[in-house]
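The values are calculated or read from the model by the stated rules, or taken from the named source; none is laboratory data. All values derive from a computational prediction rather than experimental measurement. Counting neighbours? That spans all protein chains shown, and the Cβs are built from the backbone with ideal geometry, glycine included. Calculation scope for accessible area: heavy atoms of the full protein, side chains included, ligands and nucleic acids excluded. Shrake-Rupley method; radii C 1.70, N 1.55, O 1.52, S 1.80 Å.
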Amino acid sequence: MIYLDYQATTPLAPEARDEMLRWLDGPEGSGFGNPHSQHRMGRQAAAAVELARDRVAALFPAGGRVIFTSGATEALNLAIRGSGKGGSVSVSAIEHAAVLDTANTLRAGEGRGHVLNVSKEGQCNTAQDVPSDVRLVAVMQINNEIGTIQPTIDWHRKAKENNALFLIDAVQAYGRIEVTGADMIAACAHKIHGPKGVGALWVRDGIELEEQQTGGGQEANARSGTLSPALVAGFGAAAKLAGEQRAADAEHIETLWNRARELFADWELNGSEDARWHGNLNIRKKGLDVNRLMSECRDVMFSAGSACASGSGRTSHVLKAIGLSDKQAKNSIRLGWGRYTSTEEIEKAAKAINAGAKAQGL
């Protein structure tokens, strides 16, 4: 099988797997301790958590703290709901559902959601107003469906001008490019070759959050729940590796992008070509039956849209936000690659996908 769905999840790095195994059982079965216990096994597990925290923090800006969560969805909910009540929460029209739906479902007294528009290239520019009562602005750094890189530095400045906090969903950016400054930044492990089930919210020093998941307050009284040393350690190992290999990974991904653009030259590109993470190729063909294509290319793993919305029957809100019709959006596919993808795999996948489209008369 050829895996080209890196925006949905990434293969687990061997280095992350090895680090996790130490804390699943460890030497003579002693690595399973609760990191919140005071005995020796607990202290050893806690030390592993803090080492991972430092490794994860190294890919965020300076001047903040890392709160571990179950994933980016929990991190984003904590940021949006825990950073204040009342006022408006302004989010771009192409945010992940974890941001867009959370902002839109704020109850009376918690504030209300406000949507910022994007251009046909998929960028959310600052030449638009935010509500006068805005308390939080959220703009993702790299879009998960079309790979567009957003002007987050400009949005951070605009948020400050309006006395609002600024939140970045950096799930697709963290470990791949430099994460820009903000008040809060969310990331998760499984998008950088770490394990599923663990994420992080980076919070700038001086910002206090109201706990949304109450209990023992294990994470600086901002998030309750026993941490998994294995998951956290895997996240830390993946972050360390991402930092060490970022330049090499970027060069490899650029090579794959250039080859893929040659192989899919007669497809329409969705979103910007230049202001884009080149590990993401979202393309369309008029009249394409994507479900039939996926059935015929079952050995190539790619997406018919956002992995989070697959099977829902809903048209991609991202593709609609950049001006595509429902039909055009449903004629689109997304290919994603990364560290462990080879040029040969791109070529084999393109041969199969193009043959499948040709079989439909396209």
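Some observations on this one:
- Screening the range 323-359 for residues that are open to solvent by less than 10 Å² (accessible area, probe 1.4 Å) and of a type in the set (Val, Ile, Thr) and picking the one that is farthest from Met294 (Cα to Cα) gives Thr341.
- Scanning the range 301-323 for residues that are modelled with pLDDT of 95 or more and over 21 Å from the mean Cα position of the chain (by Cα) returns a single hit, Gly323.
- Residue match in the range 77-100 (condition: open to solvent by 40 Å² or more (accessible area, probe 1.4 Å) and β-branched (Val, Ile, Thr)): no
- Screening the range 1-55 for residues that are hydroxyl-bearing (Ser, Thr, Tyr) and in contact (Cβ under 8 Å) with a residue 60 or more places away in the chain and picking the one that is surrounded by the most Cβ atoms within 10 Å (Cβ to Cβ) gives Tyr6.
- Screening Asp101 against (1) part of a loop (DSSP other than H, G, I, E, B); (2) under 16 Å from the mean Cα position of the chain (by Cα); (3) of a type in the set (D, E, K, R) leaves a single unmet condition, (1).
- Pairs with Cβ under 6 Å, 6+ apart, first in the range 278-301 and within 30 Å of Ile177 (Cβ to Cβ), second open to solvent by 10 Å² or more (accessible area, probe 1.4 Å) and of a type in the set (Asp, Glu): His278/Glu254; Arg284/Glu268; Met301/Asp5
Every residue, every condition in (1) closer than 17 Å to Asn280 by Cβ; (2) at pLDDT 95 or above; (3) in a loop (DSSP other than H, G, I, E, B); (4) touching a His at 6+ places or on another chain (Cβ under 6 Å), yes or no:
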{"residue": "Ala127", "(1), (2), (3), (4)": "no, yes, yes, no"}
{"residue": "Arg135", "(1), (2), (3), (4)": "no, yes, no, no"}
{"residue": "Met140", "(1), (2), (3), (4)": "yes, yes, yes, no"}
{"residue": "Trp155", "(1), (2), (3), (4)": "no, yes, no, no"}
{"residue": "Phe166", "(1), (2), (3), (4)": "no, yes, no, yes"}
{"residue": "Ile177", "(1), (2), (3), (4)": "yes, yes, yes, no"}
{"residue": "Ile185", "(1), (2), (3), (4)": "no, yes, no, no"}
{"residue": "Gly197", "(1), (2), (3), (4)": "no, yes, yes, no"}
{"residue": "Leu209", "(1), (2), (3), (4)": "no, yes, yes, no"}
